[in-house]
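Asks: Pasting a structure below so you can have a look.
The values are calculated or read from the model by the stated rules, or taken from the named source; none is laboratory data. Note that this is a predicted model, so its numbers are computed, not measured. Neighbour counts run over all protein chains shown; Cβ positions are idealised from the backbone, glycine included. In case anyone asks, the SASA skips ligands and DNA or RNA and just uses the protein heavy atoms, side chains included. Shrake-Rupley method; radii C 1.70, N 1.55, O 1.52, S 1.80 Å.
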Amino acid sequence: MKNLFGRLWIDAVIAISFLREGRVQSLMITLGVAIGVAVIVFITALIQGLQTNLIDKTLGSQSHIQLVSPDEVNLVAPVAAGTAQLIQEDKRPQRLRSINNWQQITATLDKLPLLTAVSPVVSGPAFVRRGEALESVVLVGTELERYQKIIPLDEYLVSGDLRVGADNVLIGSELANNLGVQVGSKLRLDTGEQDNTVVNVAGIFELGVRELDARYVYLDLKQAQSLLSLPGGVTVIDLTVADIFEADNIAEQVGRLTSLQAESWIETNAQLMSGLSAQSLSTNMIIVFVGISVAFGIASVLSVSVVQRTREIGILRATGATRQQILWIFLIQGAVFGLLGSVLGSAVSYMLVWAFNTFGPSLFYIPVSIELILLAMLLATLTGVLAAAIPARRAAALDPVVAIRYV
């Protein structure tokens with residue numbers, strides 16, 4: 001083992017000496033590797049930051065999984081055997097109805113390790129009036145302590161207090177602007193089920209989604225049940241999971257367990273997922289093509305180096321250097337190109353990310369993880385070694401007698 005490390009050390013010294021003799025070539029290919037690594041790290045970090053921002057904004061205003069009652073369907077009377085039956089039917093209208101045994105279902109879901117939060121919700125349409133102004137809204141009745149684990153409303157509160165119950169409600173900023181109200185103002189709710197109810201605006205939130213900020217009205221669960229004529233009922237059970245990209249599989253499992261209709265955020269945001277997949281594919285293609293160009297650059301430089309160092313290689317072989325040692329010399333050169341270029345490229349990528357985060361449009365923040373840097377350095381070093389393989393084998397195959405005569 002000691003002799004092995006000694007031989008590798010000698011090979012490394014010879015490889016570095018070859019690089020020093022061809023300073024210009026070494027510098028150019030190192031800069032080429034650095035640019036390639038910088039592009040890979042910056043583009044990857046940029047796409048990851050963009051995707052994280054899109055997902056955070058999407059899931060910041062909705063649950064990961066929603067459970068609702070299965071759709072009501074028309075019942076068709078059975079016919080006698082051997083009778084052909086032609087049916088033309090209209091889809092049955094879906095009325096606002098409660099989930100059966102939702103208390104037991106909620107208690108069961110609370111015990112599932114796959115889920116991180118469970119919140120029963122009752123929601124339905126209503127009108128809100130203030131003077132002559134009339135707006136269509138969605139009433140969302142919640143148990144605030146549970147719902148906070150689904151959507152942290154306190155983080156989106158722009159004025160007032162996070163308080164529902166006792167005729168206190170929370171409304172969106174767009175709805176507040178449309179009605180010209182502020183914290184402490186009175187509103188009249190009309191669901192068409194009972195007499196109008198006057199409520200107090202306790203707080204104003206801004207989820208960042210215009211449609212939601214213009215329509216959502218949060219109130220206490222029991223008050224919403226009364227207004228929507230669903231005493232003791234809920235229409236939706238919201239769930240969150242630890243791994244958001246497993247939401248589809250978990251929704252399927254929960255649906256089978258509860259016999260309810262389960263829909264994950266991945267289903268409701270299919271276009272977003274398609275866009276994210278396209279972004280990831282384009283990033284991978286960029287990485288592959290940049291890696292190929294870097295590999296060809298290293299291979300071409302080392303091929304020239306083999307030609308220029310033919311006489312030196314012959315002398316080394318004549319003085320006792322084995323083919324394996326010659327092979328290692330050029331493989332080490334390729335690794336050095338990849339490693340030095342990746343270190344320099346990582347530093348450049350940090351500067352690019354810092355410039356984007358400091359002077360960019362401030363639409364989102366780009367994080368650069370140490371795992372990404374280490375992976376880029378590893379890939380660049382391996383690319384250097386693989387690119388050096390063909391020139392290294394050519395150098396190792398040189399006949400020492402012919403090589404010494406080479407001028």
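Asks: Can you name the residue in segment 223-255 that is charged (D, E, K, R) and at pLDDT 90 or above and, of all such residues, is least open to solvent (accessible area, probe 1.4 Å)?
Replies: D238
Asks: For segment 211-224, which residues satisfy the criterion of being over 12 Å from E143 (Cα atoms) and of a type outside the set (D, E, K, R)?
Replies: Matches in segment 211-224: L212, A214, Y216, V217.
Asks: Ok, one more. All but one of (1) in contact with a strand residue (DSSP E or B) (Cβ under 9 Å, 6 or more places away or on another chain); (2) in contact (Cβ under 8 Å) with a residue 60 or more places away in the chain; (3) over 16 Å from F205 (Cα atoms) hold for L139; state the number of the condition that does not hold.
Replies: With respect to (1) in contact with a strand residue (DSSP E or B) (Cβ under 9 Å, 6 or more places away or on another chain); (2) in contact (Cβ under 8 Å) with a residue 60 or more places away in the chain; (3) over 16 Å from F205 (Cα atoms), L139 is out only on (3).
Asks: Take segment 353-367 and flag every residue that is open to solvent by 80 Å² or more (accessible area, probe 1.4 Å) and either modelled with pLDDT of 85 or more or among the aliphatic types (A, V, I, L, M) (or both).
Replies: Result: W354, L363.
Asks: Is one or more of the residues making up segment 270-286 surrounded by 18 or more Cβ atoms within 10 Å (Cβ to Cβ), in a helix (DSSP H, G or I), aliphatic (A, V, I, L, M) and at pLDDT 75 or above?
Replies: No, that holds for no residue.
Asks: Only one residue in Q88, Q104, Q25 is modelled with pLDDT under 85, of a type in the set (S, T, N, Q) and more than 23 Å from A376 (Cα to Cα). Which one?
Replies: Q88
Asks: Let me ask something else about it. Could you figure out which of (1) modelled with pLDDT of 85 or more; (2) more than 30 Å from P361 (Cβ to Cβ); (3) in contact with a helix residue (DSSP H, G or I) (Cβ under 6 Å, 6 or more places away or on another chain); (4) among the hydrophobic types (A, V, I, L, M, F, W, C) isn't true of V41?
Replies: Checking V41 against (1) modelled with pLDDT of 85 or more; (2) more than 30 Å from P361 (Cβ to Cβ); (3) in contact with a helix residue (DSSP H, G or I) (Cβ under 6 Å, 6 or more places away or on another chain); (4) among the hydrophobic types (A, V, I, L, M, F, W, C), the one that fails is (2).
Residues are listed down the side, and each one gets a yes or a no for (1) modelled with pLDDT of 90 or more; (2) open to solvent by less than 70 Å² (accessible area, probe 1.4 Å); (3) under 26 Å from N177 (Cα atoms); (4) in contact with a Phe, Trp or Tyr (Cβ under 8 Å, 6 or more places away or on another chain):
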{"residue": "K111", "(1), (2), (3), (4)": "yes, no, no, no"}
{"residue": "V128", "(1), (2), (3), (4)": "yes, yes, yes, no"}
{"residue": "V138", "(1), (2), (3), (4)": "yes, yes, yes, yes"}
{"residue": "Y156", "(1), (2), (3), (4)": "yes, yes, yes, yes"}
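Asks: Would you confirm whether any residue within segment 168-181 is in contact (Cβ under 8 Å) with a residue 40 or more places away in the chain, open to solvent by less than 10 Å² (accessible area, probe 1.4 Å) and over 17 Å from R129 (Cα atoms)?
Replies: Within segment 168-181 (the criterion being in contact (Cβ under 8 Å) with a residue 40 or more places away in the chain, open to solvent by less than 10 Å² (accessible area, probe 1.4 Å) and over 17 Å from R129 (Cα atoms)), the answer is no, since none of the residues qualifies.
Asks: Run E263 past the list (1) assigned to a helix (DSSP H, G or I); (2) open to solvent by 70 Å² or more (accessible area, probe 1.4 Å) and report the number of the one that doesn't hold.
Replies: (1)
Asks: Quick one: L374 ticks every box in (1) open to solvent by less than 70 Å² (accessible area, probe 1.4 Å); (2) under 23 Å from the mean Cα position of the chain (by Cα) bar one, so which box is it?
Replies: (1)
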